[in-house]
Amino acid sequence: MDPLSIALVGVLSISIGFLLASDKGRRGLELALRSLWLHKLRSFLSMLGIIIGTSAVIILMSFGEGSEKDVLDDIKRLGTTNIIVRSVKPPEDANSNMRQRVATYGLTYDDMDFFKTIPSITRMVPMRIFPQETRRGARGHNSRVVATTPQYAEVNELVAGQGRFLNEEDEAQMNNVCVLGSETAKSLFPFEDPIDTSVKLGQFAYVVVGVLTDRMPTGGTGGSQAAEDFNHDIYIPLSTSRGRFGDRIMIRAAGSRSMEKVDMHQITITVQDIDKVRPVGSMIREMLSETKRHPRQDWALTVPLDRLELVERTKANIRQSLGIYASISLLVGGIGIMNVMLATVTERTREVGIRRALGAKRSDITFQFLVETMVQTGIGGILGVGFGCAYVFVHALLHSMPQFAFLFQQGSPSPILHLPSITWSLTTAVGVGVIFGIYPAMRAAHMDPIEALRHV
Amino acid sequence: MANEVLELEGINKFYTESLHVLKGIDLTVREGEFIALMGPSGSGKSTLLNILGCLDKPTNGGYFLGGQDVSSMSDSQLSSIRSRYLGFIFQQYNLLPQYTVVENIEVPLIYQGIRLDSSTKKRCEALAELVGLGHRLDHRPMQLSGGQQQRVAIARSLVNKPQLILADEPTGNLDSKTSLEIMVMLSRLNEMGKTIIMVTHENDIAGWARRIVRMRDGNIESDEANEPWPLPEGAPELPVHLLEGAA
Ligand SMILES: Nc1ncnc2c1ncn2[C@@H]1O[C@H](COP(=O)(O)OP(=O)(O)O)[C@@H](O)[C@H]1O
Ligand SMILES: [Mg+2]
């Protein structure tokens with residue numbers, strides 16, 4: 001709970017306590033509830049503005065919360081201290097009609113050695129990725145072959161469910177070993193234990209030393225970072241891949257074949273702490289921008305941390321527009337309530353006269369009508385909160401059930417109840433009651449008792 | 001002689017410069033009196049009663065209620081005087097429609113700042129019983145006849161143990177049989193020592209009072225003692241024992 005909410009809850013409960021502690025307060029509250037109940041439809045209609053305002057605030061804030069969590073989870077998965085550099089096939093190569101031409105592009109071992117001169121970097125995990133069918137006897141699986149170093153598992157938080165991940169020895173000795181993603185393992189070994197058996201990639205066999213546990217795929221990062229589904233991967237040591245496959249990779253796609261020469265498809269660079277992420281990021285960007293290294297733009301750099309800033313900015317935007325929206329709807333709601341209260345005061349002119357004759361002071365009358373308006377807006381607020389929470393709950397529930405997936409856009413966020421907005425909107429609703437109730441209440445209080453008594 | 005409850009000295013009331021409604025009224029009311037204020041329509045009875053009831057202020061003149069000068073008091077001081085010293089009975093009963101009989105009787109206590117608890121509730125129930133509505137405690141005004149409503153109003157006017165009860169045409173909306181009941185009740189209360197000032201234009205009703213003040217054009221035309229009607233045979237006694245400490 002934020003301190004503002006705590007303060008607001010405090011103020012609310014103190015004022016309710018005061019109301020309940022005094023006779024006038026209890027009577028006022030009771031009377032307010034009675035007249036509310038007496039005019040159910042009218043009260044409901046006059047509260048509608050407040051109900052819509054409060055529930056809208058809660059629903060929108062909860063969606064904000066939900067999408068923020070999605071993004072934060074993503075960033076966490078990609079690593080807040082990571083910088084991701086990828087090789088990108090330059091457009092002129094992609095459009096080329098020439099077959100069999102070897103497309104050479106992307107990050108090189110040379111680049112990687114150069115990055116090593118940056119002191120804040122604690123870890124660099126290079127990877128080569130190529131699609132290739134993995135075979136086990138008669139079974140095959142279209143997997144993504146990832147050739148990488150042992151630290152890959154740490155960076156991507158991969159856990160070996162069985163056996164182990166690649167280790168330094170595999171890398172140093174170019175061992176013919178592999179680790180299977182969970183889906184790859186399931187499809188190749190429906191019945192057997194894969195550990196210590198072998199699978200074939202191309203013409204070479206690799207011994208399976210580990211199988212990974214299931215892992216949630218990461219979301220795509222605005223085009224610069226592809227979504228990754230680790231479950232269909234097969235991992236081999238980077239050194240082994242250079243030895244076995246050479247520097248060139250054959251890509252088969254839509255009936256055409258193409259050759260690529262790419263040293264590595266991606267390097268995940270980890271920096272020692274969060275403050276260094278941006279400076280190192282720009283250093284790397286500068287290095288790669290040197291035209292003699294990469295005359296064409298054949299690389300892309302992603303700093304997951306940058307997305308945090310985007311999230312913060314979006315959140316601030318949401319808050320601002322929400323503030324305007326909420327103010328307008330509460331203003332409209334308040335005017336609606338004031339209108340009804342003015343009518344109520346006129347309707348109950350005689351009651352005011354009677355109470356004044358029986359000894360009510362002006363302040364008593366003001367208090368009574370003010371409590372009545374506050375109860376109306378308060379109940380409106382509570383109904384709004386109830387509706388908002390119910391909506392958030394139901395939406396989140398349906399969102400989590402696969403059979404209702406058709407209702408939602410792919411990747412749309414699931415709302416998470418934003419608790420502070422409940423207290424804000426509730427106190428604002430009661431506050432609207434005070435602001436818009438004060439005029440009708442004063443008007444009632446300043447009636448001449450004799451004339452009020454004559455009123456029919 | 002009994003103590004003075006109130007004294008008016010040269011009370012004038014102008015609604016506009018040319019509309020002089022009360023023209024130098026002098027009046028002394030003593031404890032235990034039952035006064036009927038009579039006069040033709042427009043003679044200023046209601047205006048005088050409103051001033052006596054601290055609902056209106058005289059343009060000039062002195063009004064002393066229980067020894068205090070109330071003619072110069074503020075609105076909130078007057079409210080407090082009303083809640084402490086005065087009881088009102090209106091022609092239109094003027095009960096609060098949302099409240100039950102007992103709750104209506106309680107209202108003056110709330111504005112006196114008295115804490116409502118089981119003892120005040122008991123007292124209000126005793127008052128309801130006093131006026132013969134002990135079996136209607138939870139009824140709302142809509143469910144009662146005019147006479148019953150007026151009896152609730154009488155009970156309400158007693159709850160703050162007022163020094164003075166003001167009644168503006170209390171039987172104006174009632175048939176003659178019910179009027180008689182109400183007048184018997186007021187007479188009984190007067191016998192118990194309550195001071196009552198009642199506006200009426202009916203001689204029959206005024207005949208219950210012990211003093212009759214006649215007004216004309218904003219002046220007091222006559223002010224004389226009256227031998228009140230004898231209580232009818234078999235007129236119900238008020239269960240005064242209920243009032244021990246209640247009114
Ligand atoms: N609020 C007012 N404004 C102007 N004139 C009033 C007002 N109240 C009463 N009057 C006038 O004062 C006079 C006395 O009225 P009122 O005291 O009601 O008489 P009564 O009760 O004896 O019929 C009448 O002429 C009436 O028109
Ligand atoms: Mg009159």
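The values are calculated or read from the model by the stated rules, or taken from the named source; none is laboratory data. Values in this document were obtained by computation on a predicted structure and should not be read as measured data. Cβ atoms come from the backbone with ideal geometry, glycine included; neighbour counts cover every protein chain shown.
Evaluate the following for B:VAL107: is it touching a residue at least 24 places away in the same chain (Cβ under 8 Å) and within 7 Å of chain A (Cβ to nearest Cβ)? Lay out the reasoning, then the answer.
Details: touching a residue at least 24 places away in the same chain (Cβ under 8 Å): yes; within 7 Å of chain A (Cβ to nearest Cβ): yes.
So B:VAL107 passes the test.
Out of curiosity, is B:ILE114 surrounded by 20 or more Cβ atoms within 10 Å (Cβ to Cβ) and within 13 Å of another protein chain (Cβ to nearest Cβ)? First the steps, then the outcome.
Values: surrounded by 20 or more Cβ atoms within 10 Å (Cβ to Cβ): no; within 13 Å of another protein chain (Cβ to nearest Cβ): yes.
It is false that B:ILE114 is surrounded by 20 or more Cβ atoms within 10 Å (Cβ to Cβ) and within 13 Å of another protein chain (Cβ to nearest Cβ).
Residue by residue through the range B:81-104, note down the ones that are outside any loop (DSSP other than H, G, I, E, B), touching a residue at least 24 places away in the same chain (Cβ under 8 Å) and not aliphatic (A, V, I, L, M). Give the steps one after another, and end with the answer.
We begin by selecting, within the range B:81-104, every residue outside any loop (DSSP other than H, G, I, E, B); these are B:81-89, B:101-104.
Among the residues that remain, those that are also touching a residue at least 24 places away in the same chain (Cβ under 8 Å) are: B:81-89, B:101-102, B:104.
Matches in the range B:81-104: B:ARG82, B:SER83, B:ARG84, B:TYR85, B:GLY87, B:PHE88, B:ASN104.
Could you check B:GLY61 against (1) under 17 Å from the mean Cα position of the chain (by Cα); (2) within 16 Å of ligand 1 (Cβ to nearest atom) and say which number it fails?
(1)
Pairs needed: first member in the range B:201-225, free of Cβ contacts under 8 Å to residues at least 12 places away in the same chain; second member anywhere, within 15 Å of ligand 1 (Cβ to nearest atom); C-beta distance under 6 Å; at least 6 residues apart or different chains.
Matching pairs, first to second residue: B:SER222/B:ARG214.
Any idea which of A:TYR391, A:TYR439 is more than 14 Å from every other protein chain (Cβ to nearest Cβ), more than 16 Å from ligand 2 (Cβ to nearest atom), of a type in the set (Phe, Trp, Tyr) and over 28 Å from the mean Cα position of the chain (by Cα)?
Values: A:TYR391 fails: over 28 Å from the mean Cα position of the chain (by Cα).
Going through A:TYR391, A:TYR439 in turn, just one is more than 14 Å from every other protein chain (Cβ to nearest Cβ), more than 16 Å from ligand 2 (Cβ to nearest atom), of a type in the set (Phe, Trp, Tyr) and over 28 Å from the mean Cα position of the chain (by Cα): A:TYR439.
Give the residue, chosen from B:SER80, B:SER74, that is within 8 Å of another protein chain (Cβ to nearest Cβ) and hydroxyl-bearing (Ser, Thr, Tyr). Explain how you work it out, then say what you get.
Working: B:SER74 fails: within 8 Å of another protein chain (Cβ to nearest Cβ).
Sole residue among the options that is within 8 Å of another protein chain (Cβ to nearest Cβ) and hydroxyl-bearing (Ser, Thr, Tyr): B:SER80.
Which pairs have Cβ atoms under 7 Å, sit 6 or more apart or on different chains, and link a residue in the range A:16-31 that is facing chain B (nearest Cβ under 8 Å) to one that is in a helix (DSSP H, G or I)?
Once the first residue is facing chain B (nearest Cβ under 8 Å) and sits in the range A:16-31, its partners that are in a helix (DSSP H, G or I) give A:ASP23/B:ILE110; A:LYS24/A:ASP364; A:LYS24/A:PHE367; A:LYS24/B:ILE110; A:ARG27/B:ILE110; A:LEU31/A:GLN368.
What strands (runs of 3 or more DSSP E) completely inside the range B:140-247 contain at least 1 residues that are surrounded by fewer than 18 Cβ atoms within 10 Å (Cβ to Cβ) and within 16 Å of ligand 2 (Cβ to nearest atom)?
Counting at least 1 such residues, we get B:211-216.
Could you check the range B:86-105 and list, in sequence order, the residues that are farther than 25 Å from B:ILE51 by Cβ and under 17 Å from the mean Cα position of the chain (by Cα)?
Of everything in the range B:86-105, those that are farther than 25 Å from B:ILE51 by Cβ and under 17 Å from the mean Cα position of the chain (by Cα) turn out to be B:ASN104, B:ILE105.
Criterion first (touching a residue at least 24 places away in the same chain (Cβ under 8 Å) and either over 18 Å from the mean Cα position of the chain (by Cα) or surrounded by fewer than 21 Cβ atoms within 10 Å (Cβ to Cβ) (or both)) does B:ALA36 satisfy it?
Working: touching a residue at least 24 places away in the same chain (Cβ under 8 Å): yes; either over 18 Å from the mean Cα position of the chain (by Cα) or surrounded by fewer than 21 Cβ atoms within 10 Å (Cβ to Cβ) (or both): no.
So B:ALA36 does not fit the description; no.
Which of the residues spanning the range B:26-58 are within 12 Å of ligand 1 (Cβ to nearest atom) and more than 14 Å from chain A (Cβ to nearest Cβ)?
Within the range B:26-58, B:LEU37, B:MET38, B:GLY39, B:PRO40, B:SER41, B:GLY42, B:SER43 qualify.
Determine which member of the set B:PHE64, B:PHE88 is within 9 Å of another protein chain (Cβ to nearest Cβ) and under 29 Å from B:ILE205 (Cα atoms). Steps first, please.
Numbers: B:PHE64 fails: within 9 Å of another protein chain (Cβ to nearest Cβ).
Being within 9 Å of another protein chain (Cβ to nearest Cβ) and under 29 Å from B:ILE205 (Cα atoms) holds for just one of B:PHE64, B:PHE88, which is B:PHE88.
Looking only at the range A:39-67, count every residue that is over 16 Å from A:HIS395 (Cβ atoms), of a type outside the set (Gly, Ala, Ser) and part of a helix (DSSP H, G or I) and tell me the total.
Narrowing the range A:39-67 to residues over 16 Å from A:HIS395 (Cβ atoms): A:39-54.
From what's left, of a type outside the set (Gly, Ala, Ser): A:39-42, A:44-45, A:47-48, A:50-52, A:54.
From what is left, the residues that are part of a helix (DSSP H, G or I) are A:40-42, A:44-45, A:47-48, A:50-52, A:54.
Total satisfying the criteria: 11.
Only one residue in A:VAL456, A:VAL394, A:VAL385 is among the aliphatic types (A, V, I, L, M) and touching a helix residue (DSSP H, G or I) at 6+ places or on another chain (Cβ under 6 Å), so which one is that?
On the way: A:VAL456 fails: touching a helix residue (DSSP H, G or I) at 6+ places or on another chain (Cβ under 6 Å); A:VAL394 fails: touching a helix residue (DSSP H, G or I) at 6+ places or on another chain (Cβ under 6 Å).
Exactly one residue qualifies, and that residue is A:VAL385.
Return yes when A:ARG356 is under 30 Å from B:TYR85 (Cβ atoms) and either more than 14 Å from every other protein chain (Cβ to nearest Cβ) or surrounded by fewer than 22 Cβ atoms within 10 Å (Cβ to Cβ) (or both) and no when it is not.
Values: under 30 Å from B:TYR85 (Cβ atoms): yes; either more than 14 Å from every other protein chain (Cβ to nearest Cβ) or surrounded by fewer than 22 Cβ atoms within 10 Å (Cβ to Cβ) (or both): no.
No.
Within the range A:217-230, can one find any residue that is touching a helix residue (DSSP H, G or I) at 6+ places or on another chain (Cβ under 6 Å) and modelled with pLDDT of 80 or more?
Restricting attention to the range A:217-230, the residues satisfying the condition of being touching a helix residue (DSSP H, G or I) at 6+ places or on another chain (Cβ under 6 Å) are A:218-219.
Narrowing the set further to residues that are modelled with pLDDT of 80 or more leaves none.
Checked against the condition, which is being touching a helix residue (DSSP H, G or I) at 6+ places or on another chain (Cβ under 6 Å) and modelled with pLDDT of 80 or more, the range A:217-230 yields no hits at all.
From the set of residues in the range A:253-308 that are surrounded by fewer than 19 Cβ atoms within 10 Å (Cβ to Cβ), small (Gly, Ala, Ser) and not assigned by TED's automatic domain parsing to the domain that holds A:THR148, which is nearest to the chain's Cα centre (by Cα)?
A:ALA300
Restricting to the range B:117-131, name every residue that is without any contact (Cβ under 8 Å) to a residue 60 or more places away in the chain, buried (at least 17 other Cβ atoms within 10 Å of the Cβ) and away from chain A (no Cβ under 11 Å).
Keep residues of the range B:117-131 that are without any contact (Cβ under 8 Å) to a residue 60 or more places away in the chain, which gives B:117-122, B:124-125, B:128, B:131.
From what's left, buried (at least 17 other Cβ atoms within 10 Å of the Cβ): B:120, B:124-125, B:128, B:131.
Those that are without any contact (Cβ under 8 Å) to a residue 60 or more places away in the chain, buried (at least 17 other Cβ atoms within 10 Å of the Cβ) and away from chain A (no Cβ under 11 Å): B:CYS124, B:GLU125, B:ALA128, B:VAL131.
On the given criteria, is B:LEU48 touching a helix residue (DSSP H, G or I) at 6+ places or on another chain (Cβ under 8 Å) and buried (at least 21 other Cβ atoms within 10 Å of the Cβ)?
Values: touching a helix residue (DSSP H, G or I) at 6+ places or on another chain (Cβ under 8 Å): no; buried (at least 21 other Cβ atoms within 10 Å of the Cβ): yes.
The answer is no for B:LEU48.
Assuming A:GLU351 fulfils every condition listed in (1) assigned to a helix (DSSP H, G or I); (2) away from chain B (no Cβ under 14 Å) apart from one, which condition is it?
(2)
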